[in-house]
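Okay, structure first, notes after.
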Amino acid sequence: MNNISGQFRKTMWDPFLIISQIIAVQTVMYFCLGLWIWIVASYIGSTKSLDYVFHYKQIHVRDFAGQFIIIIFILNALIGAIALWWLVQRTKQCMDFACTAHLIHLLCCWIYNASFPSTFSWWCLNIISLSIMCVCGEFLCMKTELQAIPLSMSSQKTAL
């Protein structure tokens with residue numbers, strides 16, 4: 001490892017790595033969100049639809065189904081934090097990747113509905129989800145980054 005600059009990790013800009021991480025985080029988030037929705041929709045006997053993921057009018061507190069969707073999105077934010085910890089592994093980049101994932105979700109919702117999301121509940125939920133994903137992801141990454149680095153190898157014995 002070339003450690004001339006005094007930094008632990010390579011800081012070279014790698015667009016392939018960044019794009020791969022963005023795609024991986026987004027894939028994990030949508031897969032888990034779809035899985036959560038499939039499980040809950042099966043449990044309550046509701047139809048399984050992409051509307052629960054992308055249709056912003058599905059997010060409300062008026063009935064049981066809307067409240068479940070809110071809970072699912074919040075649980076999925078925790079999954080997103082784990083994805084950041086597992087895939088990105090950098091505390092400084094958690095906010096960037098969390099914002100990127102939610103920006104992509106905004107664009108997907110905009111395209112799916114053919115109109116910009118305009119409900120207060122959709123915006124509140126996504127801001128809360130973004131905050132949870134970012135803070136928890138940073139916490140997990142920081143906890144990993146601050147682990148003690150072993151300075152000696154127990155398998156090698158030094159002879160005197």
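The values are calculated or read from the model by the stated rules, or taken from the named source; none is laboratory data. Worth saying up front: this structure is predicted, and the values here are computed from it rather than measured. Here Cβ is always computed from backbone atoms with ideal geometry, including for glycine, and neighbour counts include all displayed protein chains. Heavy atoms of the whole protein, side chains included, go into the accessibility calculation; ligands, DNA and RNA do not. Shrake-Rupley method; radii C 1.70, N 1.55, O 1.52, S 1.80 Å.
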Exercise for the section: Report, in degrees rounded to the nearest 10, the 0 to 90 angle that the Cα long axis of helix 15-44 makes with the longest principal axis of the chain. Expected result: 40
Practice task
Taking the dipole about the Cα centre of the chain, with the C-beta of Lys and Arg at +1 and of Asp and Glu at -1, give me whichever of TRP110, PHE31, GLN147 is farthest to the positive side.
Solution key: GLN147
Exercise for the section: Among the trypsin sites (Lys or Arg not before Pro) in the stretch 33-67, which ones are in a DSSP loop with at most 11 other Cβ atoms within 10 Å of the Cβ? Mind listing them? Expected result: ARG62
Practice task
Give the total of Lys-Lys pairs in the chain with Cα-Cα distances below 30 Å; include a pair only if its members are 8 or more places apart or on different chains.
Solution key: 4
Completion exercise
Relative to the chain, whose Cα atoms define the longest principal axis, helix 120-145 and its Cα axis are tilted in degrees, nearest 10, by 20
Practice task
Kindly report the accessible area of the chain per residue (heavy atoms of protein chains, probe 1.4 Å, no ligands, DNA or RNA), in Å².
Solution key: 69
Exercise for the section: With a Förster radius of 45 Å, plug the Cβ-Cβ distance of HIS55 and ILE149 into 1/(1 + (r/R0)^6) and report the FRET value to the nearest 0.05. Expected result: 0.40
Practice task
Quick one: compute the contact order of the stretch 24-144, relative version, from alpha carbon pairs under 8 angstrom and 6+ residues apart, as a percent.
Solution key: 34
Fill in the blank from the handout: Longest principal axis of the chain (C-alpha) makes with the long axis of helix 64-83 (C-alpha) an angle, in degrees to the nearest 10, of 20
Problem - Percent carbon-and-sulfur accessible area, the stretch 29-118, ignoring ligands, DNA and RNA, probe 1.4 Å - result: 70
Handout entry: Student exercise, the stretch 24-144 dipole from Lys, Arg, Asp, Glu Cβ charges, in Debye to nearest 20
Key = 100
Handout entry: Tail fraction, Cα-Cα pairs, the stretch 3-145, threshold 20 Å, whole percent
Key = 50
Problem - Whole-Hz ³J(HN,Hα) from phi, Karplus 6.51 cos²θ - 1.76 cosθ + 1.60, for the stretch 108-115, glycine and proline x - result: 4, 5, 4, 5, 4, 8, 6, 7
